[in-house]
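Read the figures in this text as sums done on the coordinates, not as results from a lab. Predicted model, so just to flag it, every value in this text is computed and none were measured. With ideal geometry, Cβ positions are generated from the backbone for all residues, glycine too; neighbour counts draw on all protein chains shown.
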Amino acid sequence: MLLLSSFTINNEKDNDILGVWLMANKNVKVEIFRSNDLYLGKVIWMGADADKRNFKLGDIIIDDMQYNPTNRKYEGGSFYGRGYKLDCELKLVEKDRIEVRVSMGILHKTRYCTRVN
């Protein structure tokens, strides 16, 4: 019984990242959803000032993320932008704020997104 309760709590924590997020540039909203055991992010809104060369509505820009309960991060996936496929790591730092860390080799950049739903 305790094992089942523990699994349910961990599974709920896995899904804390689900929802709609406003990207750091404030011009793109991405819906993070779960497909089987993977987390993906799809562009669902673009503001008038959004750079349409990077993404278009409906694009999957985050894919193949898996939750790691040891460090509470979503890892192993990719972020697509500006013509590049970058390694990606997501971390829920507050209930309505995620840290998005993208990297290529030894170079990396960290941005923060806010929940909008």
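Find which of ILE62, ALA50, TYR80 sits farthest along the positive direction of the dipole of the range 20-80, computed with +1 on the beta-carbon of Lys and Arg, -1 on that of Asp and Glu, about the Cα centre.
After comparing all options, I get ALA50.
Given a cut-off of 16 Å, what percent of all Cα-Cα pairs of the range 2-115 lie beyond it?
59 percent
For helix 2-14, what angle does its Cα long axis make with the longest principal axis of the chain, in degrees from 0 to 90 and rounded to 10?
So the inclination is approximately 10 degrees.
Tell me, in nm to one decimal, what length is gained between VAL116 and ASN15 on full extension, where the rule is 0.36 nm per residue of separation less the Cα-Cα distance?
Result for the pair: 34.8 nm of gain on full extension.
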